[in-house]
Amino acid sequence: MSQHNTNPAFAGGGILIEAAELHIVSLPLITPFVISNQTLTDKTFPLLVLKGAGIEGIAEAVMDEIPDYLEETIPAAMAFLRDVLLPRIVGKRFASPYELEPILAPWRGNRMAKAVVEMAFWDLWAKSLGIPLKAALGGVRGAVDVGVSIGIGSVELTLERIAEAQAAGYKRTKLKIAKGHDVALLDAVRARYPDIKLTVDANTDYGLEDLALLRRFDEFDLDYIEQPLAFDDIHDHAQVQAALKTAICLDESIRNAGDARKALEMRAARVINIKVGRVGGFAAARAIHDVSAAFGVPVWCGGMLEAGIGRAHNIHLATLANFTKPGDTSSASRYFKRDIVNEPLEAANGEMPVPNNGAGIGVTLDRDYMKSVTSHSEMIRP
């Protein structure tokens, strides 16, 4: 007698997306986070819940309210999700996340908006299969190495924050820098901490005209310099990399696997930062991971000050084999007094355990608290 698979992921051609919730959530940061081009005092983000087969798949979007990091903004993304993407998904069946590709691919750009849809479905799909998201992705670790990212501040404050990170056992310290806040800071940090694994993130604040200054960074035994030049540049980064001993790490410049291939063929970088919420979702993130691995180039998982849902997605991604450098997903309590998930996401001795409270992303929404920090909610139905 034949056996029929009753799993909702396969019944009737896949999971029926019955409805979608869209929220805008804003969490206050414990301390302002300062980088070269902005200061954040709270983290505001869209949150998407896809409903199907009695299950919820959840994801955060990572665009800002204004186009200060990349072109996408929260108002534009909400309109794109509400008017374009979600009406083409709600009421349809999908047997795997890759079946979303024909719906997502035709639209130019908007990778962050596409990502939140795709990531929410990965969570829903993994839950329908009864497996952790890391298993669906092909992850190989039960915990991931993590470091801290320290925003721009005085030398004294930076040294205090490094001391706290070292006491907590974090495996890498990343300093946000900008022109005029770089060499003197690094001098002071290396004088106090000559042996820690140290990186810097310029958030695009430099240009080719600063090459002599960037060469000075070779003095500080940095693991890498992240995105020193323009957010959409590969060519000039190759010139900088050729002139430096220190590795360049590309972040904003890598939008897809094609960009990764071009950058690595041009030797524009020796490290890649993959942010699943920025590049369009897990399919794109896995492709960038695989291209980088083919070139023998390590990757790590960057952060966008995500709350608990986004952090959980990042942790599962970072279990893939070529994520060999510590990522940005440090303890949520460093940023928020209270998170929107019920499970604490806290690192111990520089390792972040993969959340495992159930299948999928392994965390659950604290609905009551989320409601108190939500400024807008809407439901999309067929």
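Each reported figure results from applying straightforward, stated rules to the coordinates on display, with no laboratory input. Nothing here was measured: the structure is a model prediction, and the numbers come from that model. Using ideal geometry, Cβ is built from the backbone for each residue, glycine included, and neighbour counts are taken over all protein chains shown.
Computed values, structure above
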| quantity | calculated |
| --- | --- |
| Sum of side-chain charges, G153 neighbourhood, beta-carbon under 13 Å (Lys, Arg +1; Asp, Glu -1) | -1 |
| Coordinate range along principal axes, alpha carbons of the range 79-177, Å, largest first | 55, 33, 16 |
| Cα-based helix-to-principal-axis angle, 183-192 vs the chain, degrees rounded to 10 | 90 degrees |
| Two-decimal Rg to Rh for the chain - Kirkwood Rh, Cα set | 0.97 |
| Cα gyration tensor category, rounded, prolate or oblate, for the range 269-382 with a/c compared to 1.5 | prolate |
| Separation in nanometres of the label points that stand 7 Å from Cα toward Cβ, at R108 and D232 | 1.0 nm |
| 23 Å Cα-Cα threshold exceeded, pairs from K43/K179; K174/K325; K114/K197; K43/K262; K179/K245 | K43/K179; K114/K197; K43/K262 |
| The range 327-365 and the range 83-103: distance between their alpha carbon centers, rounded to Å | 29 Å |
| Globularity ratio of the range 135-353, using Cα Rg and 2.2 N^0.38 Å | 0.98 |
| Principal semi-axes in Å for the range 14-111 [√(5λ), Cα gyration tensor, largest first] | 29, 16, 10 |
| Dmax and Rg, reported as Rg then Dmax, of the range 141-235 (C-alpha, Å) | 13.7, 44 |
| Kirkwood hydrodynamic radius (C-alpha pairs) into Stokes-Einstein, the range 302-357, 4 °C and 1.567 mPa s, D in µm²/s | 112 µm²/s |
| log10 of Debye I(q)/I(0), alpha-carbon scatterers only, for the range 185-263 at 0.24 Å⁻¹ | -1.13 |
| Net charge dipole size for the range 214-325 [Lys, Arg +1 and Asp, Glu -1 on Cβ; Debye, nearest 20] | 240 debye |
| Computed lengthening from D195 to V140, 0.36 nm per intervening residue step minus Cα-Cα distance | 16.9 nm |
| The range 233-297 - convex hull of alpha carbons, volume per residue in Å³ | 63 Å³ |
